Amino acid sequence: MTSSETNRSGTPDPAATARPVRPGSPAWELLLPAASAPARTRGRSLQAALREAVRTGRLAPGTRLPSSRDLAADLGVSRGLVTEAYEQLTAEGYLRSGRGAGTWVGDAVRAAPPRARDLAPRSPGVHADFVAGTPDLSLFPRSAWAAAQRAVLAELPHQDLGYPDPRGLPQLRTALAELLARRRGVVADPERIVVVSGVAQATTLLGFALHARGLRTVGVEDPGSPQHDALYASAGVRTVPLPLDEEGIVPGPLRDSGVRAVVTTPSHQFPTGIAYSARRRTELLDWARSVDGLVLEDDYDGDFRYDRAPVGALQGLDPEHVAYTGSVSKSLAPGLRLGWLLVPESLADEVVERKRTMDLGHPTLDQALFARFVEHGDYDRQLRRCQRAYRERRDVLVAALKEHFPGAEVAGIAAGLHVIAALPRRYGPQQDFLARVAASGVAVRPLSDYTHARAGHDEAGAVRLVLGYAHLAPARIRAGVRLMARAAKA
């Protein structure tokens with residue numbers, strides 16, 4: 001190594017040893033579009049292009065850059081433009097320079113990770129997806145929603161675009177109070193309604209409120225939603241599985257568990273599909289009063305009853321011992337992340353303060369839009385549209401099961417977006433059945449996937465499936481059941 005390749009400290013000079021960027025190299029070509037940008041934005045474009053080339057590793061650490069004079073000539077821009085870009089990126093740490101030693105890429109920058117991935121739940125490559133929980137997203141009322149959005153943007157006062165009341169816009173809370181009282185029979189005080197990002201956030205808020213009061217356990221239905229465990233755990237609360245019978249949560253194990261809060265889906269239990277009996281509702285509320293406890297009512301699909309008027313919400317019987325939550329995830333779309341939580345007065349301040357510190361309130365435009373949607377009757381029309389479609393699809397699924405799986409039994413009330421199908425023993429063992437069906441391109445989940453206490457589950461007995469149907473067109477439902485039957489006989 002010659003003396004010209006060594007700096008005064010005796011270490012290699014990166015300016016001398018690094019390979020320079022030359023015209024025609026891929027990294028150099030990244031700068032060409034910036035050079036042709038409009039004059040007023042050309043400097044920022046050149047800086048952004050250089051910065052991106054360093055971030056992505058196209059310009060590796062130690063790479064020597066052309067002199068400002070040479071790069072300006074190659075790109076056809078002024079030397080001052082290049083000099084300014086070099087100086088700016090040197091100040092930010094992307095480049096390094098030394099008097100008389102040129103400019104090179106600094107070693108503090110690491111190549112950027114791959115582009116953003118989509119982690120949304122999908123079922124790619126399946127011919128029929130019977131996994132429960134998703135509505136028909138093609139039923140989303142795009143035209144009516146767009147009209148409401150235009151009206152809101154034209155009419156919304158400027159001050160409403162500031163930080164909102166953490167409970168939600170008064171306009172939306174008032175509209176929700178009227179809607180929930182009319183459709184679900186709740187005792188709805190707008191002052192105790194909190195607008196949330198779906199039932200998941202409502203669950204977490206209640207978990208924090210319970211933890212702040214010293215509660216470390218909460219009872220959950222077994223079988224029940226598998227999401228409760230993680231949501232309550234995030235608030236430092238452990239879930240305790242409580243068994244069900246044909247009427248609802250069994251009172252004895254509930255009393256013996258020692259919990260003072262319990263999560264329920266009384267109007268249409270998820271996933272078994274039963275509706276709590278009047279007697280069990282009374283027993284549940286008697287328990288809550290006896291322990292000064294709380295019932296957390298998840299009314300996830302209470303508007304969808306097909307054989308009669310929906311049973312009213314449990315909250316209407318005792319507003320001070322029942323917290324009520326719901327969302328638009330089944331009626332409009334889960335991607336809207338919009339729901340509501342109606343809390344007892346004793347919990348209101350704690351829940352609202354936690355909501356404030358969590359996110360400073362739900363997006364104002366979304367709230368104003370949904371308020372208008374409710375006030376103008378669009379939401380009622382949407383519910384009626386979904387009810388017609390989902391009733392038809394449930395009927396199609398039940399008929400297809402009877403045709404292709406003789407002896408199959410469908411459990412639960414005629415409601416919601418899924419059914420429980422019990423297939424005869426000849427289709428088992430369950431694990432073998434599930435493997436054959438999956439191999440045929442049909443996505444299904446067994447009832448056992450929703451069970452907390454799996455001890456004693458008879459895998460050799462009847463195959464019990466939770467079949468979602470709302471998101472499938474009738475023809476797809478028939479084809480999926482037919483394909484599942486062929487796989488079962490293979």
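The values are calculated or read from the model by the stated rules, or taken from the named source; none is laboratory data. Just so you know, these numbers come straight off a predicted model, no measurement behind them. Virtual Cβ from ideal backbone geometry, glycine too; neighbours counted across all protein chains shown. Accessible surface is based on the protein model in full, side chains and every heavy atom, while ligands, DNA and RNA are left aside. Shrake-Rupley method; radii C 1.70, N 1.55, O 1.52, S 1.80 Å.
Annotations for the structure displayed:
- Take the conditions (1) more than 30 Å from A479 (Cα to Cα); (2) of a type in the set (S, T, N, Q); (3) outside any helix (DSSP H, G or I); S123 misses just one of them, which is (1).
- With respect to the stated conditions, L341 is open to solvent by less than 10 Å² (accessible area, probe 1.4 Å), modelled with pLDDT of 95 or more and either closer than 18 Å to P170 by Cα or of a type in the set (G, A, S) (or both).
- Tally, over segment 123-154, of residues that are modelled with pLDDT of 95 or more and open to solvent by 50 Å² or more (accessible area, probe 1.4 Å): 8
- Flag for D118 being charged (D, E, K, R) and open to solvent by 90 Å² or more (accessible area, probe 1.4 Å): yes
- Selection from segment 378-426 of residues that are over 27 Å from A487 (Cα atoms) and of a type in the set (F, W, Y): Y379
- Tally of residues being among the charged types (D, E, K, R) and either in contact with a helix residue (DSSP H, G or I) (Cβ under 6 Å, 6 or more places away or on another chain) or crowded, with 19+ Cβ neighbours inside 10 Å (or both) across segment 237-259: 1
- Residue selected from segment 41-64 under the condition out of contact with any Pro (no Cβ under 9 Å at 6 or more places or on another chain) and of a type in the set (V, I, T), by the criterion surrounded by the fewest Cβ atoms within 10 Å (Cβ to Cβ): T41
- Residue in segment 212-221 that is open to solvent by 40 Å² or more (accessible area, probe 1.4 Å), of a type in the set (K, R) and part of a strand (DSSP E or B) present: no
- When restricted to residues that are over 47 Å from the mean Cα position of the chain (by Cα) and not in a helix (DSSP H, G or I), segment 28-79 contains 5.
- Unmet requirement for S123, which otherwise passes all of (1) free of Cβ contacts under 8 Å to residues at least 40 places away in the same chain; (2) among the small types (G, A, S); (3) under 30 Å from I420 (Cα atoms): (1)
- Total residues in segment 260-274, condition surrounded by fewer than 22 Cβ atoms within 10 Å (Cβ to Cβ) and either over 31 Å from the mean Cα position of the chain (by Cα) or among the small types (G, A, S) (or both): 1
- Residue in segment 428-442 that is farthest from the chain's Cα centre (by Cα), counting only those that are open to solvent by 20 Å² or more (accessible area, probe 1.4 Å) and touching a residue at least 40 places away in the same chain (Cβ under 8 Å): R436
- Entry remark, segment 88-102: residues being at pLDDT 90 or above, open to solvent by 20 Å² or more (accessible area, probe 1.4 Å) and touching a helix residue (DSSP H, G or I) at 6+ places or on another chain (Cβ under 8 Å) number 4 in total.
- Neighbours by Cβ (under 8 Å, 6+ apart or cross-chain): first from segment 305-333, of a type in the set (F, W, Y); second in a loop (DSSP other than H, G, I, E, B) and open to solvent by less than 40 Å² (accessible area, probe 1.4 Å): Y306/A414; Y324/V186; Y324/D299; Y324/A313
- Some residue of segment 234-242 being more than 21 Å from V291 (Cα to Cα) and either of a type in the set (D, E) or touching a strand residue (DSSP E or B) at 6+ places or on another chain (Cβ under 8 Å) (or both): no
- Cβ-Cβ under 7 Å pairs, at least 6 apart or on other chains, segment 376-403 side within 17 Å of P310 (Cβ to Cβ), far side among the small types (G, A, S): Q382/S331; L383/S331; C386/S331; Y390/A470; R394/A414
- Residue-level check: of (1) open to solvent by less than 10 Å² (accessible area, probe 1.4 Å); (2) over 25 Å from T134 (Cα atoms), R281 misses just (1).
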